[in-house]
Amino acid sequence: MLMEEVFERLREYQEILTKRVAIEHEVEDIPKALTAQEELLSRVRKSYVERREEFDGIEARVKDLRGQLAEAEAAREAAEKQMDSISTQREYEALNKEIRDATDREHQLRKDLQKEERVLAEVEELMRKDESMINLQETEIAEKSTKINLERDSKLGEIKSLRTEEDRASEGIEKEIIFKFERIIRNKQGLGIVPVKGYVCTGCYMILPAQFVNEVRSGNKIIFCPYCSRILYHQEAEEGEGDELFVDIESGSLSDLEDYAEEGEEEGEDDGFEDGDKDSSMDERDE
Ligand SMILES: [Zn+2]
């Protein structure tokens, strides 16, 4: 296979792979769409359980108060009946006190009961709200899940067919090269094959050693940028910047190149140029 064809295939492979990586990320993000809603649902469920417990407690208290109230009423009525059959002042006073006490107890119990019943109604209302919220969320989540699963299936289908295209594009190219190339594209989230313009890698904008550029120019084998690991190919410099870069290097002026390097991406790796940690082949020209 001619190098030109290899490069062409790699560019094609890159295009397909970039599409696939993007779709893979979308697939990874799909479950996140439901996370917030599922969290909400589990919060409401927890709240419902707590309210249910509260409700049961209040209900038991209400029942107990009703029992006490019935007892107090019965005690009062019994005492009132006895009023008909008393004969002494002392008996009358004792019975009268009994009736008053029973009446007071009744009043207090009625008050307590009303209060508890009010709270019970409030808690019940909140429970009902939780219930309808739970139903709503469950329905929505079920609907969304169905939609999401369809979406996922279709994306997985796309990924599968892109893989087939990738296999076709990479056919005949060394597996190891494809493996490295794929890793670069994933890591750099972008191009894995870039042209060299003048002495500059257009992937990382680092200046490449001269013998290195010559090797790229001759196009006999696949060469990776020593700084950003992208695959390099030679491209005739267009009129303008490329020529100037080339001429500047030849004439020994690096000022334009330094500007160029600063504008380039900063990946924080092998960024030796600005630190003065130049390749030895560059030092000769740097004088
Ligand atoms: Zn590079």
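FYI, it's all coordinate maths here, none of it is from the lab. None of the values given here were measured: they were computed from a predicted structure. Neighbour counts run over all protein chains shown; Cβ positions are idealised from the backbone, glycine included.
A few remarks follow.
- Candidate cross-link partners of LYS129 among the lysines, defined by an alpha-carbon separation under 30 Å and a same-chain spacing of 8 or more, comprise LYS32, LYS46, LYS63, LYS111, LYS115, LYS144, LYS147.
- Note on GLU158/VAL49: beta-carbon distance plugged into 1/(1 + (r/R0)^6) with R0 of 35 Å gives a FRET efficiency of 0.25.
- Cleavage-rule hits, trypsin sites (Lys or Arg not before Pro), the stretch 180-235, DSSP coil, Cβ neighbours within 10 Å at most 11: LYS221
- Projecting label points 7 angstrom from Cα along Cα→Cβ for LYS32 and LYS111 puts them 5.9 nm apart.
- Here the gap between GLU39 and MET3, fully extended at 0.36 nm per residue and compared with their Cα-Cα distance, gives a gain of 7.5 nm.
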